[in-house]
Amino acid sequence: MPTDFHNRTISLLAEQLAEKGMDISQLISRISEFQIAVPSWALGAGGTRFGRFSIGGEPRNLEEKLEDIGLLAKITKRTNAVSLHIPWDIPQDAEAVKQKAASLGIGFDAMNSNTFQDYGQPLSYKMGSLSNADAVVRAQAIGHNLQVIEIGKSLGSKGLTVWLADGSNFPGQANFRNSLQWTTDSLKEIYAGMPADWKLLLEYKPYEPNFYHTVIPDWGTSAMICRQLGDRAKVLVDLGHHLPNTNIEQIVATLMHQNLLAGFHFNDSKYGDDDLSTGSIKPYQLFLIFCELIGGAAEGVQAWDSISWMIDASHNVKDPIEDLIQALEAISQAFAKALLVDREKLTQCQNEGDVVGAQEVLQEAFLTDVRALVREARIQSGGEADPLVFYRREKIREKLINKRGMNAQASGL
Ligand code: LRH
Ligand code: MN
């Protein structure tokens, strides 16, 4: 039940926004429509090479992962889809899985292939997959991606995310040009194997697990390859896949300008690909990214609905469900704040070279407390006023531990 304080906050905010010519009910419906997919591999405790600390009550199979995402959907109303990773989440009975997901109000966002591990396939990916010097290994990796597409088709997914660990650890280990050409040729076969209404999301990453070169290290290389594949191939921006101090909002603006932005893997980081909770380290950057997204859509360079919104995080010390509640909230708040930017005034400042004025416009929006707005959107959608408070009050983790056991371990990273 929303508190009286909440209702008074909303009516005050409605007044403030009306003065700026903004209709709070329109903002609330934009926030309610904005849904973010949850990764199937983020429902267990993640880990690093230095160790993994289990959380207890982790989902032991795909069905239990869907139950946890169903809970998130029910209490936050901010997610309505899961992004599966193959082979970590191969459905035993696709139709049954599809029905279970539908009963929980969940659909299937982009599928993720995996040619960065060996999981019993005939040939190892140690020396690469789509860029491997051995054409037979490349063919195996292409075959895996085509299999992932078939699984995705049986679940109603419309996208394939390809992230390649391919690269090298030492100078001289790889021929950069051959690696790039073999990768591009392999992706062409995968692209040709996709249904006409699917998109290929090509994810870049500067390093890890290879520490000298990565075949697709940055947005430019990914965009260059996408252009060679076709217009349903676009660039996936994982926020953690940038060298320190990279201007990610400019990359987003540039990709949208070229109608080449596939979507996002939301997370946050201080140093490398830390996969920390979205908005926990650099909330202003996340806000600026949404400013570019809203600006690009308003200017018509790329359609808002053509972009995929997914979280990609790994929880070393937090309860995964609590972390996802926080991440969904942080993303919704960044989006809500960016919707408050007076774009007309900003454009005027930009055209008049009023640098101070432009910053004032952004800060005015960023410093507006939108928590009540996001809460109101959730309440109006039938969600919990405060999902984290609900999750703890209902002792859901304890109940999951009782049902699944302390040592239950989810598949994934
Ligand atoms: C690579 C990555 C990729 C996933 C993996 C789980 O760092 O971001 O998106 O396949 O994490
Ligand atoms: Mn990712």
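Descriptive notes on the structure:
- Single match in L202, L180, L164 (criterion: out of contact with any strand residue (DSSP E or B) (no Cβ under 7 Å at 6 or more places or on another chain), within 16 Å of ligand 1 (Cβ to nearest atom) and closer than 25 Å to I251 by Cβ): L164
- Looking only at the range 54-69, and only at residues there that are open to solvent by 10 Å² or more (accessible area, probe 1.4 Å) and out of contact with any strand residue (DSSP E or B) (no Cβ under 6 Å at 6 or more places or on another chain), the one that is nearest to S381 (Cα to Cα): E67
- When the residues of the range 194-213 are filtered to those that are of a type in the set (F, W, Y) and open to solvent by less than 20 Å² (accessible area, probe 1.4 Å), the one that is farthest from ligand 2 (Cβ to nearest atom) is W198.
- Residue in the range 375-412 that is most open to solvent (accessible area, probe 1.4 Å), counting only those that are within 16 Å of ligand 1 (Cβ to nearest atom) and touching a His at 6+ places or on another chain (Cβ under 9 Å): S411
- Residue in the range 246-262 that is out of contact with any Asp or Glu (no Cβ under 6 Å at 6 or more places or on another chain), under 20 Å from F116 (Cβ atoms), within 16 Å of ligand 1 (Cβ to nearest atom) and in contact (Cβ under 8 Å) with a residue 24 or more places away in the chain present: yes
- Qualifying residue in the range 156-172 (condition: touching a Pro at 6+ places or on another chain (Cβ under 9 Å) and in contact (Cβ under 8 Å) with a residue 60 or more places away in the chain): no
- Apart from one condition, I216 fits all of (1) open to solvent by less than 10 Å² (accessible area, probe 1.4 Å); (2) within 16 Å of ligand 2 (Cβ to nearest atom); (3) of a type in the set (A, V, I, L, M, F, W, C); (4) under 22 Å from F335 (Cβ atoms); the exception is (4).
- L288 vs. criteria within 27 Å of P59 (Cα to Cα), buried (at least 19 other Cβ atoms within 10 Å of the Cβ) and in contact with a helix residue (DSSP H, G or I) (Cβ under 8 Å, 6 or more places away or on another chain): no
- The single residue among L187, L236, L260, L255 that is open to solvent by less than 20 Å² (accessible area, probe 1.4 Å), within 15 Å of ligand 2 (Cβ to nearest atom) and among the hydrophobic types (A, V, I, L, M, F, W, C) turns out to be L236.
- So I281, is it closer than 25 Å to P244 by Cα, in contact with an Asp or Glu (Cβ under 7 Å, 6 or more places away or on another chain) and surrounded by fewer than 21 Cβ atoms within 10 Å (Cβ to Cβ): yes
- Applying the condition of being crowded, with 22+ Cβ neighbours inside 10 Å and hydroxyl-bearing (S, T, Y) to the range 158-183 and asking which residue is farthest from S124 (Cα to Cα) yields T161.
- From the list I106, I151, the one residue that fits, being under 19 Å from the mean Cα position of the chain (by Cα), over 19 Å from S222 (Cα atoms), among the β-branched types (V, I, T) and surrounded by 15 or more Cβ atoms within 10 Å (Cβ to Cβ), is I106.
- Residue within the range 120-131 that is within 15 Å of ligand 1 (Cβ to nearest atom), open to solvent by less than 50 Å² (accessible area, probe 1.4 Å) and either touching a Pro at 6+ places or on another chain (Cβ under 6 Å) or closer than 19 Å to D231 by Cα (or both) present: no
- Unique residue being at pLDDT 95 or above and farther than 24 Å from G159 by Cβ when the list is G51, G107, G57, G47: G57
- Looking across the range 308-331, the residues that are within 16 Å of ligand 2 (Cβ to nearest atom), open to solvent by less than 10 Å² (accessible area, probe 1.4 Å) and hydrophobic (A, V, I, L, M, F, W, C) come down to M310, I311, A313, L324, A327, I331.
- Pair list, Cβ < 9 Å and 6+ apart or interchain, from the range 271-284 residues that are touching a residue at least 40 places away in the same chain (Cβ under 8 Å) and within 16 Å of ligand 1 (Cβ to nearest atom) to residues that are in a loop (DSSP other than H, G, I, E, B) and of a type in the set (K, R): D273/K205; S277/K318
- On inspection, D354 does not qualify as of a type in the set (D, E) and within 24 Å of the chain's Cα centre (by Cα).
- Yes/no for S40 being touching a Lys or Arg at 6+ places or on another chain (Cβ under 6 Å) and either among the polar types (S, T, N, Q) or surrounded by fewer than 16 Cβ atoms within 10 Å (Cβ to Cβ) (or both): yes
- Candidates Q173, Q121 - the one that is under 27 Å from H242 (Cβ atoms), more than 16 Å from ligand 2 (Cβ to nearest atom) and not in a helix (DSSP H, G or I): Q173
- Some residue of the range 28-49 being among the charged types (D, E, K, R) and more than 30 Å from I307 (Cβ to Cβ): yes
The values are calculated or read from the model by the stated rules, or taken from the named source; none is laboratory data. Since the model is a prediction, treat every value here as computed from it, not as a measurement. Cβ: placed from backbone, ideal geometry, glycine included. Neighbour counts: every protein chain shown. When the accessible area is computed, the model is the full protein with side chains, heavy atoms only, and any ligands, DNA or RNA have been set aside. Shrake-Rupley method; radii C 1.70, N 1.55, O 1.52, S 1.80 Å.
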